[in-house]
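The values are calculated or read from the model by the stated rules, or taken from the named source; none is laboratory data. All values derive from a computational prediction rather than experimental measurement. Note: ideal-geometry Cβ built from the backbone for every residue, glycine included; neighbour counts use all protein chains shown. Only protein heavy atoms, including side chains, enter the accessible area calculation; ligands, DNA and RNA are left aside. Shrake-Rupley method; radii C 1.70, N 1.55, O 1.52, S 1.80 Å.
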Amino acid sequence: MKNKSVVILSGAGISAESGLGTFRDSDGLWEQYDLNEVATIDGWHRNPALVLDFYDQRREQVLRAQPNTAHLALKELERLYDVTIITQNIDDLHERAGSSKIIHLHGEILKGRSVKTDRELYPVKTSIKLGDLAPDGHQLRPHVVWFGEEVPKMVEAENVVRKADILIVVGTSLNVYPAAGLRYAVKNHATCYLVDPNEMNITDQHFYHYQGNACAMIPLLVEELLAK
Ligand code: APR
């Protein structure tokens with residue numbers, strides 16, 4: 001029997017319990033940094049060294065972090081379902097938890113690319129400094145999608161969501177488009193779940209809301225889905 005397809009749309013909240021900050025919570029990254037200085041193409045042109053330092057710090061934190069029980073539970077879901085993870089996160093915690101199919105909409109902090117093209121990616125395990133060049137001779141930059149840049153994997157992600165029998169949205173404030181709009185690509189027959197400690201107030205689409213932290217709620221939801 002073809003396994004039902006489950007699509008997960010994850011955001012910073014799923015990595016919060018691994019010690020990685022979210023963006024828009026009260027102690028979030030955008031309270032500590034000016035988003036326009038460190039996460040936009042204009043910020044890069046104005047002060048590339050500041051941007052490189054910002055991502056060096058986040059890369060160090062990712063390397064120190066471990067996948068948590070929510071990441072690991074999503075891997076378990078693959079026992080009975082065809083699971084695709086579409087994440088807005090640039091960490092590699094879904095990979096390290098063992099998930100097989102992962103689409104990074106906003107890039108990957110452990111990869112770098114030339115400022116000239118995103119066709120070639122290079123592993124980055126430590127830092128990127130001004131003067132570090134890609135093989136094409138141009139400056140290396142984090143393989144991260146900045147505000148104002150294209151989200152190259154959106155079409156692929158939409159096609160995956162269209163085929164979903166189950167959609168699980170976890171740890172995202174659904175503030176940032178086009179990623180946040182993915183939920184509208186789901187078919188009417190699909191069952192939608194939301195895992196988030198906040199109210200969220202989504203009124204235009206039905207979600208079963210597992211209100212709580214990812215490490216409490218995702219293992220619970222996965223257990224229920226595996227018991228079906
Ligand atoms: N478990 C589950 N959800 C949590 C937890 C937790 N332990 N802690 C916080 N959350 C929820 C918050 O309630 C919020 O809804 O995670 C969400 C985090 O929202 P944001 O900080 O806006 O993060 P995200 O939605 O991933 O941001 C999207 O914005 O800055 C850009 O590129 C960046 O990919 C990011 C995008």
Selection within region 24-79 - β-branched (Val, Ile, Thr) and either part of a helix (DSSP H, G or I) or out of contact with any strand residue (DSSP E or B) (no Cβ under 8 Å at 6 or more places or on another chain) (or both) | 38, 41, 51, 62, 69
How many residues, within region 177-228, are β-branched (Val, Ile, Thr) and in a loop (DSSP other than H, G, I, E, B)?
-> 3
Does region 44-61 include one or more residues that are within 10 Å of the ligand (Cβ to nearest atom) and buried (at least 20 other Cβ atoms within 10 Å of the Cβ)?
-> no
Would you check if there is a residue in region 18-36 being more than 16 Å from the ligand (Cβ to nearest atom) and either at pLDDT 95 or above or in the same structural domain as residue 189 (by TED's automatic domain parsing) (or both)?
-> no
Candidate set from region 171-228 (those that are hydroxyl-bearing (Ser, Thr, Tyr) and within 9 Å of the ligand (Cβ to nearest atom)); member that is surrounded by the most Cβ atoms within 10 Å (Cβ to Cβ) | 172
When you go through 164, 157 one by one, which is the residue that is in a helix (DSSP H, G or I) and in contact (Cβ under 8 Å) with a residue 12 or more places away in the chain?
-> 157
Take residue 4 and decide whether it is farther than 23 Å from residue 124 by Cα, open to solvent by 20 Å² or more (accessible area, probe 1.4 Å), under 20 Å from the mean Cα position of the chain (by Cα) and in the same structural domain as residue 157 (by TED's automatic domain parsing).
-> no
Selection count, region 22-35, where residues are of a type outside the set (Phe, Trp, Tyr), open to solvent by 60 Å² or more (accessible area, probe 1.4 Å) and free of Cβ contacts under 8 Å to residues at least 40 places away in the same chain = 6
Residues that are outside any strand (DSSP E or B) and farther than 9 Å from residue 107 by Cα, drawn from region 80-90 | 80, 81
Quick one: in region 75-104, of everything that is open to solvent by less than 40 Å² (accessible area, probe 1.4 Å) and touching a Gly at 6+ places or on another chain (Cβ under 6 Å), which residue is farthest from the ligand (Cβ to nearest atom)?
-> 90
In region 120-153, residue surrounded by the fewest Cβ atoms within 10 Å (Cβ to Cβ) [restricted to those that are under 20 Å from the mean Cα position of the chain (by Cα) and more than 16 Å from the ligand (Cβ to nearest atom)] = 125
